[in-house]
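Asker: Please read through the structure below; I'll follow up with questions.
The values are calculated or read from the model by the stated rules, or taken from the named source; none is laboratory data. This is a predicted model, so every value here is computed, not measured. Here the Cβ positions follow ideal geometry from the backbone for every residue, glycine too, while neighbour counts run over all protein chains shown. Heads up: the accessible areas ignore ligands, DNA and RNA and are worked out on the full protein's heavy atoms, side chains in. Shrake-Rupley method; radii C 1.70, N 1.55, O 1.52, S 1.80 Å.
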Amino acid sequence: MSKFDRLIHAFSGLLAFSGLLDAQNTAGVGGLNGNIARAVASTPAGVAPPGGPRRLAGVRVCIVELSKCATSDELGNFRLSEIRSGVYSLAVQVKGEPPLRQPGIEIRAGLDARVEVLLSLPEVSRQEIVVSESILVAPEEVKGSSFLVQPREILKSAGAIQDVSRYVQTLPGVAIGSDDLRNDLIVRGGSPLENLFVIDNIDIPNINNFANFGTSGGPVSTLDANLIRDVNFLTGAFPAPYSNRLSSVLQVAQREGDRKGFSGRADLAFAGAGVIVEGPVAKGKGSWIVSARRSFLDAFTDDIGLGGVPVNYNLNAKFVYDASPRDRLWFVNITGYDYINIRPRANEPDDTLTIRAGGWRSASGFNWQRLFGSRGVGLLGLAHSEAAVRETQSDRLLNQQTSFTDRTREGESTLKYDLSVYVPLFNKVQAGGSMKLFRVRLNATQPFGFDSQFSPTAGILPFNIRNDFNVIQPGGYIQTTQNLGKRISLTWGGRYDNYRYLSATRWSPRAGLSYRITDNVSWRAAWGTYHQQPVFFLSGAFPQNRQLLPIRSDHFLTGLTWIVNSNTRVTLEGYFKRYKDYPVSPLFPQFSLANAGDSFEQNELLLPYVSFGRGRVRGLELFVEKKFARKWYGQANWSWSRTRHAGFDGILRPGSFDYPLVGNGVIGYALNRKWDFSVRGAYLTGRPITPFNTALSAAQRRAVFDLARYNSVRAPDYFRLDFRVDRTFTFREKPVVLFVGLQNATNRQNFAFPSWSRTNNRQTIETQLGLFPIVGLNWKF
């Protein structure tokens, strides 16, 4: 292997770290940009002399298989955009000289790379080019907060237990919720309800098992981490293509199947036991891959400490076919089914509920990507997602009468088209439109009301909700990115959304500016307006909720990025978010829906609401990241923030997701080909809680809040330390990976929430997950 071969191989392997991420990746393409230079006399190719190499204009750089080319400008810079993901050959040709070609260049959707290409002198007998390792650069559209997560980080990091959401909880501005058994994403003080999930161009309301309609988290992800190729996470001022969410976007690209031959693997881990099979289609023109998993705890016990044991099944599938050099088709399906039966435990006299809960959710999508030569790319998508829950609660205190039922079902069908083209004057223009059709079947009963902790009166708000409706929601966006000189890039645009169910139309402008101070240091600032419709489960529950408005959030951020080397970067960013029109409850004037969304309790959220809520969040984040290279990877971040929300009474108080200080650290080390180690640490200052009114609680033998002190007390600080060790063996010439780990290795009794014991008639403190061992096995066959 030549020096060029080795450097190109390193370049391809590190391409995933090459850029933050495409601003929206709606077209499913990537890019390559860089600089062409020539070594000076008497200097061997690949070694920069003190005076520096001479930059070359007019050099032609091509992706051979696509006949897509660019020519370097007077500074030697070039850019190749709208490249379909795949492995290609790179050709570099100086006028009057033979072209130099190298295969094995990998382009990945949503990623951008910047490389330095150094040519040897013309008189050298054997012409070579040296391509530097790729370095982190933000693609031209990105001006907001963004992070790239690689599969290795999800699969091998301590504490992640191969769940993409749990790894994302370690990133800047993201906090762990009040329950270690859930993977809710609390982003910059926002409710978990404010997060959008996009899987292979399909919008999915919730990617977790045991999910309900009042949150976006759950205990276990329906996504198989072994199928994940790239994860793009946007935490602020995200661009115009994304709609109907206020805080963040988690975008996942699943990998293709093997185009060369049939293969498979089996695994056993926290999420269950599963198998993956994959293979080629039409002699390598496409591929297929299928993952099937089932939980296995019920094979060993009928109670994991909850009064029952959860059971879940998951299926992931992807089919890809290249119909022509310009046309790619793919189909994706993600399905999950789950159930649990919980009985009162004999040794827990406060257990009074018998719960039978289950549900299923499925999302399927078909996409057609068309390349328009050097002009651009279009992506047509047709998707459908469906979810249903079935829950029945009966209470021993009511002689086992049914106290709550939920048989709600929601479906969402989407037709959308995204176009990305280059035009004179405006440079890159992105535009798209969508039409969504929602089918909602609300069916919930609460015949005896419920004992709300907010109310001094027990058994409030009995209801029998029956509401079936269909509604459409059209939307569209346009966005352009322009270079204002050599160092300044401007992205601006907006989106239009018509929320038919609420009889409301909203325009959401967005803009961002970046300035390259040096080749490795850049400054950026971004602003945007975002709107979100309250979930149908709540907006359709009571007639007055039909009068709600789309919730609004305005994002402002600015920050600096320092690219230390090809795999290390440091960022410092400040942000401000302003909320208005948040649903609040006139029944409980202190409560805002902004303070909910991280719980399995759905009946507590079924209230009449009005759009009087407001809030604000401000913060500062420091982030240091090293992607995997030379045996190790890691990241550390420290965040300071303040979150305030007002209920119907208009008084700004600390929000329930106000964590003033959050610190995270993850380190992974590959000792050799057989051993991998990882450690993770997390620290959060205590979140706000509301103390109980002791006199009322004791008189009624149940929890009643002291609303005069709503969110006025801080819970104890949270700290957790996790470890993981992987050992790779070989069985029949195939790798077998055995891993063991410890969650909360110090067995710290982290605070969860206060409760009131009916038996002892006093307050008790519930704690989160204690010391918890993890064991897993992965075998590729």
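Asker: If R₀ is 30 angstrom, what is the calculated FRET efficiency for the pair Arg326 and Asn443, using the beta carbon separation as r and rounding to 0.05?
Answerer: Using R0 = 30 Å, I get an efficiency of 0.05.
Asker: Heavy atoms only, probe 1.4 angstrom, no DNA, RNA or ligands counted: give me Ser146, Ser413 ranked by accessible area, highest first.
Answerer: Descending accessible area places them as Ser413, Ser146.
Asker: Which label marks the calculated value of mean projected area of the Cα convex hull in nm², given the options (1) 52.5; (2) 32.7; (3) 40.7?
Answerer: Recomputing mean projected area of the Cα convex hull in nm² here gives the entry labelled (2).
Asker: Give me the one-decimal nm value for the distance between modelled label points at Leu75 and Glu601, 7 Å along each residue's Cα-to-Cβ direction.
Answerer: Result for the modelled spin labels: 5.8 nm.
Asker: Give the dimensionless ratio obtained when the Cα radius of gyration of the stretch 297-420 is divided by 2.2 N^0.38 Å.
Answerer: Relative to the 2.2 N^0.38 Å estimate, the stretch 297-420 comes out at 1.64.
Asker: Continuing with this model, one more query. With a 1.4 Å probe and every protein chain kept in, tell me what percent of the accessible surface of the chain is carbon plus sulfur.
Answerer: Carbon with sulfur: 60 percent of the solvent-accessible area.
Asker: Please compare each pair in Lys416/Lys577; Lys631/Lys734; Lys631/Lys780 to a cut-off of 24 Å on the Cα-Cα distance and tell me which ones are over it.
Answerer: Lys416/Lys577
Asker: Given the chain, what percent of its DSSP beta bridges are antiparallel, to the nearest 5?
Answerer: 95 percent
Asker: From a point 7 Å beyond the Cα of Thr457 in the direction of its Cβ, which residues of the stretch 587-603 have a backbone N at a distance under 13 Å?
Answerer: 587-588
Asker: Loop sites only, by DSSP: take the GluC sites (Glu not before Pro) in the chain that have at most 14 other C-beta atoms within 10 Å and name the longest stretch containing none of them.
Answerer: Here the longest segment lacking exposed loop sites spans 124-600.
Asker: In nm, to one decimal, how far is the Tyr422 label point from the Phe753 one, both placed 7 Å along Cα→Cβ?
Answerer: Each label point is offset 7 Å from its Cα along the Cβ direction, giving 5.4 nm.
Asker: Right, here's the next one. Any chance you could give the angle, 0 to 90 degrees and rounded to 10, that helix 3-13 forms with the longest Cα principal axis of the chain?
Answerer: 20 degrees
Asker: Next up: Note down the magnitude of the dipole of the chain about its Cα centre, charges +1 on Lys and Arg C-beta and -1 on Asp and Glu C-beta and zero elsewhere, to the nearest 20 debye.
Answerer: Magnitude of the dipole: close to 1260 debye.
Asker: Can you list, bin by bin at 5 Å, the percent of alpha carbon pairs in the stretch 537-593, starting at 0?
Answerer: 4, 13, 15, 15, 10, 9, 8, 8, 8, 6, 3, 1
Asker: Just the accessible area for Leu742, please: 1.4 Å probe, Å², rounded to the nearest 10?
Answerer: For Leu742, the solvent-accessible surface is approximately 70 Å².
Asker: In whole Å, largest first, what are the principal axis extents of the Cα atoms in the stretch 711-764?
Answerer: Here the Cα extents, ordered largest to smallest, are 62, 26, 18 Å.
Asker: Given R₀ = 60 Å, what would the calculated FRET efficiency be for Thr728 paired with Leu620, taking r from the Cβ atoms and rounding to 0.05?
Answerer: 0.90
Asker: Taking the Cα-to-Cβ direction at Gln400 and at Ala698 and moving 7 Å from each Cα, how far apart do the two end points lie in nm?
Answerer: The two pseudo-label positions are separated by 3.5 nm.
Asker: Just from its helices, what would the mean residue ellipticity at 222 nm be for the chain, if runs of 4 or more DSSP H residues each count -39500 (n - 2.57) and the sum is divided by every residue, rounded to the nearest 500 deg cm²/dmol?
Answerer: When only DSSP H runs of four or more count, the value is -1000 deg cm²/dmol.
Asker: So, one more: Measuring with a 1.4 Å probe in the full set of protein chains, what accessible area per residue, in whole Å², belongs to the chain?
Answerer: In whole numbers, the chain has 39 Å² accessible per residue.
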